[in-house]
Amino acid sequence: MTSKQNDQYANIGDKYSDFKDTAPLGGPETNTVFKLLGELKGAKVLDLACGHGHYTRLIKQAGAQEVVGSDLSPVMIDLAKEAEAEQPLGITYHVGDASDLPTLGSFDVVSAVWLLNYATTKDELTAMLRGVHRNLAPGGRFVTVTVSPEFDPHGPELDAYGIQVVKDTPYEDRSAVTMDLLGANQTATITTSRWTAAAYAECLEAAGFASYDWRAPEIPEEYVQRFGDAFWNNYRSNPNTGFLVATRTADLEPGAE
Ligand SMILES: C[S@@+](CC[C@H](N)C(=O)[O-])C[C@H]1O[C@@H](n2cnc3c(N)ncnc32)[C@H](O)[C@@H]1O
């Protein structure tokens, strides 16, 4: 199945918004993403797999100078454009497949919250990472959220945070995890790839990233207070969320080794 045929979000845009807005998992995810994004004031940012613009808008509101959002799903981009029309922030949105990404600019930061987990072959994963590399300025950073290679779909279970695993089908370098995303009002079902750390390393290096690092989620104090410390134990021991930061090496000065 090509990515273009794989628009799982065509029929679940509103259900996904409900999950994103209400599931407890959103707190640690957003907190960690913004810690890793760091200072955004004046930055030029490309947000891939931007969906309905959740992070795209937060990134612009955090002071980024120029923000472009891109997503495979026309339905999700329509939702993002609706939000932009309701409260204009000056964000530009495109429909596009991240595994066939043109050069949209030279960005200080490329973000992609839940993109790489939609690649179903290593060629597709490498193509996505090449597109990211090509769109980064030298020294620019890629901050991404994907299914953690360490995540065990068999538990400890994550239902309390909004994720219920339905099925896990193993393949050579990945497994296909089907899960229900439990919003307060609606449930969306998606299938996503859990790639191994070795597959990520191979594809990152093939795409030109020499420097990359996996990071653990950070649960914000406000969420510890709101839900209680023990509530987070399963998520702490088996987070489905993997955070990856990769840097495009700065170009060498002419004549330097
Ligand atoms: C889980 S949603 C995340 C949306 C947004 N980043 C967020 O965190 O709210 C995943 C998004 O990835 C998009 N997507 C899946 N495969 C893609 C591809 N090959 N290229 C670009 N976007 C893709 C889907 O259309 C969907 O909007």
With the checklist (1) free of Cβ contacts under 8 Å to residues at least 24 places away in the same chain; (2) over 28 Å from ASP14 (Cα atoms); (3) crowded, with 16+ Cβ neighbours inside 10 Å in hand, flag the one item VAL165 doesn't pass. (2)
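Condition check ((1) loosely packed, with under 14 Cβ neighbours inside 10 Å; (2) aromatic (Phe, Trp, Tyr)) across all residues:
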site	(1), (2)
VAL177	no, no
LEU181	no, no
ALA197	yes, no
TYR200	no, yes
GLY208	no, no
GLN225	yes, no
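If we scan the stretch 60-72, do we find a residue that is touching a His at 6+ places or on another chain (Cβ under 6 Å), outside any helix (DSSP H, G or I) and either small (Gly, Ala, Ser) or farther than 24 Å from ARG215 by Cβ (or both)?
Of the residues in the stretch 60-72, the ones touching a His at 6+ places or on another chain (Cβ under 6 Å) are 70.
Filter again for outside any helix (DSSP H, G or I), leaving 70.
This time we only want the ones that are either small (Gly, Ala, Ser) or farther than 24 Å from ARG215 by Cβ (or both), so: 70.
Yes; the residues of the stretch 60-72 include at least one that is touching a His at 6+ places or on another chain (Cβ under 6 Å), outside any helix (DSSP H, G or I) and either small (Gly, Ala, Ser) or farther than 24 Å from ARG215 by Cβ (or both).
Going by the structure shown, is ALA160 surrounded by 15 or more Cβ atoms within 10 Å (Cβ to Cβ) and in contact with a Lys or Arg (Cβ under 8 Å, 6 or more places away or on another chain)?
So ALA160 fails the test.
Residues that are under 25 Å from HIS133 (Cα atoms), at least 1 per element: which helices (runs of 4 or more DSSP H) completely within the stretch 150-257 meet that?
197-206
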Considering only the stretch 45-70, state which residues are of a type in the set (A, V, I, L, M, F, W, C), within 17 Å of SER106 (Cα to Cα) and within 8 Å of the ligand (Cβ to nearest atom). LEU48
Could you check LEU89 against (1) within 13 Å of the chain's Cα centre (by Cα); (2) not in a helix (DSSP H, G or I) and say which number it fails? (1)
How do the pairs read when you match residues in the stretch 16-44 that are more than 14 Å from ILE219 (Cβ to Cβ) and away from the ligand (no atom under 15 Å from the Cβ) with residues anywhere that are among the β-branched types (Val, Ile, Thr) and part of a helix (DSSP H, G or I), using Cβ under 7 Å and keeping only pairs 6 or more apart or on different chains? LEU40/ILE59
Residue pairs qualifying under the 9 Å Cβ cut-off, at least six apart or on distinct chains, with the first in the stretch 115-134 being more than 20 Å from THR56 (Cβ to Cβ) and in a helix (DSSP H, G or I) and the second being within 10 Å of the ligand (Cβ to nearest atom) and modelled with pLDDT under 95, are GLU124/THR2; GLU124/SER3
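The values are calculated or read from the model by the stated rules, or taken from the named source; none is laboratory data. Keep in mind that this is a model prediction, so the values were computed, not measured. With ideal geometry, Cβ positions are generated from the backbone for all residues, glycine too; neighbour counts draw on all protein chains shown.
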